[in-house]
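The values are calculated or read from the model by the stated rules, or taken from the named source; none is laboratory data. None of the values given here were measured: they were computed from a predicted structure. Every residue, glycine as well, gets a Cβ built from its backbone with ideal geometry; the counts of neighbours run over all protein chains shown. These area figures cover heavy atoms from the full protein model, side chains too; ligands, DNA and RNA do not enter into them. Shrake-Rupley method; radii C 1.70, N 1.55, O 1.52, S 1.80 Å.
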Amino acid sequence: MSNSTVVVVTGVSSGIGRATAERFAKRGCRVFGSVRNRATAQPIPGVELVEMDIRDQASVGQGIQAIIAQAGHIDVLVNSAGVTLLGATEETSIAEAQALFDTNVLGILRTTQAVLPHMREQGAGRIVNVSSVLGFLPAPYMGLYSASKHAVEGLSETLDHEVRRFGIRVALIEPSFTKTNLDINAPQTAARIPVYDSERSVVAQAIQNNVQKAPQPDGVASTIVEAALGAWKMRHTPKGEASLLSKLRRFMPAGPVEKGLRKTFGLV
């Protein structure tokens, strides 16, 4: 892969974003990774760090313009930055829901709108949005996170219809449990309604157990790189659990799928 392939990856401070940026760099791409604070960010070999807060319209615009000024164009945008939240839907405040959607959904909208004029002008581009298996298979006590990933799925499919005539395609990555700090240190809602305590605790422990035995983010990163540089298809599920869940959702009756999901999260 030539250095002329310019890739922008959001959220490269850690986890999936960092692993993805590293893998693109090893493929010979020119990689720009977004971080909120360059002064405190750890360097990544072969990756140029750009200060950009995807929650801020002006920051996104400045960051994308700075990349174009340096590289001349952008071929691939990977929207990997995201946050999570654990808690009952009834416990989730409007402010918590808004903050989650501001990053997981509107963050993608901001970066996408910033790069699209340049991709349209060059007549080519690939946008890869990191969703989740929870984008098609909701999980208990992760209602707003699941909702945000459902929104990412709908946004991505619609966008692909709109921009393919300009030579731009959009793809989704749907990983399952991945061993990252985001999941290990998943924040919980501030409010606590006692009737949910026992089940919420069981689900939280089940999530931790699954995350601790989950694979490192390298497999997801590899899937992202192939989705960005390979032949286009809309949905990409990393090998293993994510791929299995995708098949179960498509081909199994809803009852057994729901029963298996509840078992995974420690519910009866």
Only one of Arg110, Arg126 that is over 19 Å from Val50 (Cα atoms) and of a type in the set (Lys, Arg)
Arg126
Residue among Gln216, Gln205 that alone is surrounded by 12 or more Cβ atoms within 10 Å (Cβ to Cβ), modelled with pLDDT of 85 or more and not in a helix (DSSP H, G or I):
Gln216
Quick check on segment 14-41: of everything there that is at pLDDT below 95 and not aliphatic (A, V, I, L, M), which residue is nearest to the chain's Cα centre (by Cα)?
Gly15
Touching a Pro at 6+ places or on another chain (Cβ under 7 Å) and not hydroxyl-bearing (Ser, Thr, Tyr), is that true of Pro175?
yes
Requiring at least 3 residues that are closer than 20 Å to Gly230 by Cα, the strands (runs of 3 or more DSSP E) wholly within segment 29-132 are 30-35, 76-79, 125-130
When restricted to Glu162, Glu174, Glu157, Glu199, the only residue among the charged types (D, E, K, R) and touching a strand residue (DSSP E or B) at 6+ places or on another chain (Cβ under 7 Å) is Glu174
Can Val8 be described as in a strand (DSSP E or B), modelled with pLDDT of 95 or more and not small (Gly, Ala, Ser)?
yes
Looking at segment 148-180, which of its residues are assigned to a helix (DSSP H, G or I) and open to solvent by 40 Å² or more (accessible area, probe 1.4 Å)?
His150, Leu155, Glu157, Thr158, His161, Glu162, Arg164, Arg165, Phe166
Just to be sure I understand, how many residues within segment 181-192 are outside any helix (DSSP H, G or I), within 21 Å of Pro217 (Cα to Cα) and touching a residue at least 40 places away in the same chain (Cβ under 8 Å)?
2
Number of the condition not met by Leu106 [criteria: (1) touching a strand residue (DSSP E or B) at 6+ places or on another chain (Cβ under 9 Å); (2) modelled with pLDDT of 95 or more]:
(1)
Give the residue that is surrounded by the fewest Cβ atoms within 10 Å (Cβ to Cβ), with candidates limited to residues of segment 81-127 that are under 13 Å from the mean Cα position of the chain (by Cα), touching a residue at least 60 places away in the same chain (Cβ under 8 Å) and closer than 13 Å to Tyr145 by Cα.
Val83
So Phe32 passes all but one of these: (1) open to solvent by 20 Å² or more (accessible area, probe 1.4 Å); (2) of a type outside the set (A, V, I, L, M); (3) in contact (Cβ under 8 Å) with a residue 12 or more places away in the chain. Which condition number does it fail?
(1)
